[in-house]
Amino acid sequence: MRSEFQSYDFPKQRIPNSEKTPAFSANCADWIISMGQSRKDSASLEIKYGILQGIIPDEAYAKILNPYNATNEKYKRFPATMRHYDMLKGIIRRYVSEYIKNPHDFIVGANNAEVVLARNAKLREEVGVIIQQKIAAKIQESYAQWVNEGQNPKEFNPQNAIDIEKFIKDFNEKYIDDISAQGQEILNVIKDITEDSLLYARAYFDFVTFGETYTYGDVKGSTLIKRNITARDAFPIRTDNFFIEDDDMFACRRKLTYQQIVDEFYNDFTTKELEFLDTYYAKGSANITSTLAFSVYESYFPQICDKFSEKDRGLLSQQPIMSRDNNNDLYDVWHVVWRGEVRQALVKFINEASLIDTRKEDDDYVLDTSKGDISIEYIYTPQVYESTRIGGRNDSIYPYNSRAIAFNRNGKLPYNGLTELMPGLGKFSIIETVYPYSVFYDIVSYHREMAISRNKLSILMLAKSLLGKIPEETIHKMIADGVLYYDDTDDSGAQRAQQVRMLQSSNGDYIKQLGELLVEIEQAAKNQVDMTPQRYGEIGNGAGKGTTQEAIARGSMGSVIIEFIMDYMRERDYARDMDYSKLAWIDGLDTSYRDVDTGLKYISLDVDKHNYADYLIKAKNSVREKEKLDQYRQLAFSAAQNGDMQMATAAINGDNVAVISKLIKKYQEEKEAHDMQVKQLEQQTEQMRQEFETKKITIKGEEDRKLEELKGIIDKEIELIKADANMISFDNGVGDEAKMAGMQRLEASRSVVAREKNQIDKQKNILDTYNKFEDRKLKDKDIDTKLEIAKQNRNRFDVKKKSTSKK
């Protein structure tokens, strides 16, 4: 009945918003769905899905299983069974496994700060305000330093305090770097919450298996939505663009139950739509077996029925439409997107400064001269719309009319994907490439089985009368003990026994040739998809490491272009996800995520920087990545030979260049910091040693001075003692009192000399003790310094062994 309907064109998009009625939206959705279905070879795709599951079309074996086109079943019986031997899944598994194992790093950043700022007016405006604040703070800091140094405040020149041009350039570079660093963390968060690795492993499986792959992204509230679209459910309307997101329209089909439809679209349904859904779509409905008349459908949705022409209405009135598909209570739910245009009013007005200015308004805006409006004109800008249709064209429900997608990205669709390797090169499908070889393999195997069934080897021919009354029993005993007993009382028995002979029959050479042909077929099929023996791990004993690596590299060359174009698609997917995250996390984001390189990390989003950012996402080339990975590992192992075992561990465990390069840089910075700290400790020790030597010289000088002073006093005392001794010894007419006084001075002098001697000894002991203490202190400091250096060296270069104790 579809073919009898009057054809209709895709509705014109450059119209006022008031003309975008429900019928307009319904016709847009219906046209895109019909066009997508007409351009898609669904039958061929279903055959591919069947082949992947081992279901081969009967026509592939028709000539072998029925060479004479017999209709009688007994003439179709052959002494063998056609069996399917799968050679597809092993190849597909290796393709997908190699893709998962290969590094796929994506870098978020900008090529040049000036280019980014020149292109992004909002970012330029924000950065300009921040730069002014930073420059003012820098000048104030320089002014305070100028005054503190005793300089004349009037002589301070701000121009000399800061190189503004250099400061702005450095700040711009750092600001862009900060945005890029945050963008990298945001991308890691997106990968974590969307199960990125699993999603793209499946996307790559679709690409190499069926030759096409599709993804979809959306944002609902603060939730990012990202999923694969199977080749069965994707209905692209392709143009000359490389990627799906650059096309004009796309249709996606899902099969949902009644309850799933209610859960997803309940808030979008009107009361009438819910009533219609419950009446004609709900499982267990009273109308489950009834038909839906067009008049009833029109009573529910008169505006949508405006999409039908008079001829279509006549056909529908004559023949009722069935309300539900015969698909186990699953309904077709279509989601369509297309690139349309939205009309806006460009109003020319006089602003507060009495200057003529322009502003944008909705297209239904009415000119208001009281606000200073002068004139109005209309412009059209690109806008991507979406719509959902439940059911077929004749019994459909549209939960919402055409509405703008959540985040408009300059006309790019929320769907993305690939349908060929390169324009003109066509698809690469393992199923399409290997399928003819797989069928041929099955046919050869079938013929080999037939040859084996006919190959009876040795056949014993003997007269039936020799087997006695019960032939089965005689044959059984003959096979068991190798002896044939016959009745020799009958003379003819001996004569018949002479006629026993052995017939030899063998097809061994033919069977062997068929086996060799099977090996050749399998090898030819693998060569067509670049699956060399080395990629399967089949390496000769005499093959060297270099030869093996070169063979693997050459054998996997066919996969390079596939991974290359797949990574380019992922770049655009990530750019879409980054844009959608601006809307999802407009109120901020504080969360932790699992980073594949460093484990659990925490991010607190700077919303302003994120919203103003214009991200550039690039993938690292996988082949070049492998080469750099090997070079970094060699560098790390060389460092490990010098005692850096942690770097060796990083080289072994690291699975991409980014991880190893980060670790090498980290360890290099730690080593430089360690060397600097050791140097500082040695300098401190040397300074203490010099201070100690200086103090020793100072103390020794003071000690010598005091000794010289004390020596002078003692010499004077000795002279007095000598005088008194001479006076007492030689009498010299000295009276008793003078003698007594002299004796007292002599005793006092002796006491003084003894006391001074004791004081000198005491001071000497004190100085010796002090010198020993300072010397011990210096030695302790030297020991502590060496111990600290040893500990740092141990922590830096030693690897702690894991406990091997059994629990």
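Over the Cα atoms of the range 30-72, what radius of gyration and what Dmax do you get, in Å?
16.3, 49
Would you check the accessible area of MET676, probe 1.4 Å, heavy atoms only, in square angstrom rounded to 10?
100
Quick one: Cα centre-to-centre distance for the range 53-104 and the range 229-260, in angstrom?
Cα centroid of the range 53-104 versus Cα centroid of the range 229-260: 30 Å apart.
Cross-link list LYS40/LYS618; LYS20/LYS609; LYS226/LYS609: which exceed 29 angstrom alpha carbon to alpha carbon?
The answer is LYS40/LYS618; LYS20/LYS609.
Applying 1/(1 + (r/R0)^6) with R0 = 41 Å to the Cβ-Cβ distance of LEU484 and LYS512, what FRET efficiency is obtained, to the nearest 0.05?
The formula returns an efficiency of 0.75 here.
Between ASP246 and THR381, what is the FRET efficiency for a Förster distance of 25 Å, r being their Cβ-Cβ separation, to the nearest 0.05?
Result of the calculation: an efficiency of 0.90.
Taking only the C-alpha atoms, wrap a convex hull around the range 358-503 and report its volume per residue in Å³ as a whole number.
With only Cα atoms used, the range 358-503 gives 340 Å³ per residue.
Whole-Hz Karplus ³J(HN,Hα) for the range 232-247, in order, using 6.51 cos²θ - 1.76 cosθ + 1.60 and θ = phi - 60°, x for Gly and Pro?
5, 9, 9, 10, x, 10, 6, 10, 7, 6, 6, 10, 4, 4, 8, 6
Just to verify a number: FRET efficiency for LEU467 and GLU571, C-beta to C-beta distance, R0 = 60 Å, to 0.05? Before the final figure, lay out the partial values.
On the way: r = 81 Å, r/R0 = 1.36.
The formula returns an efficiency of 0.15 here.
If each residue of separation counts as 0.36 nm, what is the full-extension length gain between LYS255 and ASN267 once their alpha-carbon separation is subtracted?
2.3 nm
What nm value, rounded to one decimal, do you get for the distance between SER197 and LEU274 when each label is placed 7 Å out toward the C-beta?
Going from the SER197 label point to the LEU274 one covers 4.4 nm.
Name the shape class, rounded, prolate or oblate, that the alpha-carbon gyration tensor gives for the range 330-416, where a ≥ b ≥ c are the square roots of its eigenvalues, rounded holds for a/c under 1.5, and otherwise prolate holds if a/b is larger than b/c and oblate otherwise.
Since a/c reaches 1.5 and a/b is larger than b/c, the shape of the range 330-416 is classed as prolate.
The values are calculated or read from the model by the stated rules, or taken from the named source; none is laboratory data. The structure displayed is predicted, hence computed values, not measured ones. Please note: Cβ atoms are built from the backbone with ideal geometry, for glycine as well, and neighbour counts cover all protein chains shown. Side chains are part of the model used for accessible areas, which takes the heavy atoms of the whole protein and leaves out ligands, DNA and RNA. Shrake-Rupley method; radii C 1.70, N 1.55, O 1.52, S 1.80 Å.
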